[in-house]
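Student: I have a structure here, written as structure tokens, and I will follow up with some questions on it.
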Amino acid sequence: MDLWLIWLIAAAVLAVAEIFTLTAALGMLGGAALVTSGFAAVGLPLPLQFLVFTVVAVVSVVFVRPIALRQVLQPQVERFGIDALVGRPASVISEVTGLGGRVRIDGEEWTARAYDETLVIPPGATVDVIEIRGTTALVYPRE
């Protein structure tokens, strides 16, 4: 079996292992094996293949991996879906109590309940969305 094919198989095995571990280290080693496979296909002798693998692996693990992990682990900047509605203002369409009511959030009608169950919020009042539970917005009147 040719050496370039062995390096290619090693790259594939490392890539599959990376999918299961999600550490980015095995992916970097797989990339190094892929690069080394290219050099082996050109006819580079085995000792130099090991040198290419070592250099590419060290450079990628030391320099590229921290950048990749920083990108993956950074906090989510934008909220979307129902999470984006929390904190938004809404206008009361029908009286909102601890049992129910209706509000308009960004042009959409939602069922609503008062966050403080003892409150009664009249129609026309402006409220803040405190939480979304299922399809019901829990709201609190603005002061």
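The values are calculated or read from the model by the stated rules, or taken from the named source; none is laboratory data. Keep in mind that what you see is a predicted model, and the values were worked out from it rather than measured. Glycine also receives a Cβ, built like all others from the backbone with ideal geometry; neighbour counts cover every protein chain displayed. With ligands, DNA and RNA removed, areas are computed over all heavy atoms of the protein, side chains included. Shrake-Rupley method; radii C 1.70, N 1.55, O 1.52, S 1.80 Å.
Student: Carbon and sulfur atoms: what percent of the 1.4 Å accessible area of segment 25-143 do they account for?
Tutor: 64 percent
Student: Follow-up question, since we're still on this one. Using alpha-carbon pairs under 8 Å, 6+ residues apart, how would you state the relative contact order of segment 9-95 in percent?
Tutor: For segment 9-95, the relative contact order is 24 percent.
Student: Each residue of segment 121-129 in order: what ³J(HN,Hα) in whole Hz does its phi give by Karplus 6.51 cos²θ - 1.76 cosθ + 1.60, θ = phi - 60°, with x for Gly and Pro?
Tutor: Per residue, the Karplus-derived 3J(HN,Hα) values read 10, x, x, x, 6, 9, 10, 10, 7 Hz.
Student: On to the next question. Which part of segment 16-48 falls in the paramagnetic zone of Arg65, meaning amide N under 16 Å from the point 7 Å along Cα-to-beta-carbon?
Tutor: 16-34
Student: For the chain, taking Cα atoms only, what is the radius of gyration to one decimal and the Dmax to the nearest whole Å?
Tutor: Gyration radius and largest Cα-Cα distance of the chain: 28.5, 82 Å.
Student: Once amide H atoms are built 1.01 Å from N in the peptide plane, which residues 5 or more positions from Ala137, or in another chain, come under 5 Å H to H?
Tutor: Those qualifying (amide H under 5 Å, at least 5 residues apart or on another chain) are Thr111, Ala112, Arg113.
Student: Place +1 on the Cβ of every Lys and Arg and -1 on the Cβ of every Asp and Glu in the chain, take the dipole about the Cα centre, and give the residue among Thr36, Ser60, Thr111 whose Cα lies farthest towards its positive end.
Tutor: Thr36
Student: How far, in nm, would the chain grow between Glu131 and Val58 when pulled straight, counting 0.36 nm per residue and subtracting the alpha carbon separation?
Tutor: Using 0.36 nm per residue and subtracting the Cα-Cα distance, I get 21.5 nm.
Student: So what is the accessible area of the chain per residue, in Å², with the probe set to 1.4 Å?
Tutor: 64 Å²
Student: Want the number for Thr21 to Val72: 0.36 nm per residue separation, take away the alpha-carbon distance, what's left?
Tutor: Full-extension gain reported as 16.9 nm.
Student: Take each uninterrupted DSSP H stretch in the chain, measure its Cα extent along the helix axis, and return the ones at 18 Å or beyond whose mean Kyte-Doolittle hydropathy is at least 1.0.
Tutor: 3-21, 25-42, 46-59
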